[in-house]
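All remarks here apply to the structure that follows.
The values are calculated or read from the model by the stated rules, or taken from the named source; none is laboratory data. Note that this is a predicted model, so its numbers are computed, not measured. Ideal geometry is used to build each Cβ from the backbone, glycine not excepted, and the neighbour counts take in all protein chains shown. Note: accessible area is taken over every heavy atom of the protein model, side chains too, but ligands, DNA and RNA are not part of it. Shrake-Rupley method; radii C 1.70, N 1.55, O 1.52, S 1.80 Å.
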Amino acid sequence: MSNKPLLLAQLATAHADLLWAVMRLDEAALTTHKLEDWTCKDILAHVAYWEGFSAERMRTVLAGRAGEMVGVDDATQNPLVYAQRQDWPLCRVMADLARAHDE
């Protein structure tokens, strides 16, 4: 028996919970208040990146090309993603989060 429907339901619920939490905050709270060195916007950009990355890896596996995948060092990748997306406006981050989730 496949757990796919349950997994998809859990992912949808977690994503909805995230969006609900975000929608309750104003733009200043999302873009200026920091948790250590990252704003909420930066964290959302980070989540969007890794969700898109995971979707691409799933497509690779489903295409029978899992052997082509190489490991990724998140300790190296995370600062690169942060630097790349740090100046993105909130609207771009939210659009990327929606796109990555839809993938």
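Annotations for the structure displayed:
- The share of Cα pairs per 10 Å bin across the stretch 1-85, counted from zero up to the longest distance, runs 14, 35, 34, 15, 2 percent.
- All Cα-Cα separations within the stretch 56-103 were binned at 10 Å from zero, giving a P(r) of 21, 34, 37, 7, each value a whole percent of the pairs.
- Relative contact order of the chain, defined on C-alpha pairs under 8 angstrom at six or more residues apart (%): 36 percent
- Per atom type, the chain shows carbon and sulfur on 61% of its accessible surface, probed at 1.4 Å.
- In this label model, Thr31 and Ala95 are separated by 1.5 nm, measuring between points 7 Å along each Cα→Cβ vector.
- Solvent-accessible area per residue in the chain equals 71 Å², computed with a 1.4 angstrom probe and all protein chains kept.
- Convex hull volume of the Cα atoms of the stretch 29-71, normalised per residue: 60 Å³.
- Residues considered: Glu68, Glu56, Glu27. Largest GNM mean-square fluctuation over the chain, using C-alpha springs under 10 Å, is found at Glu68.
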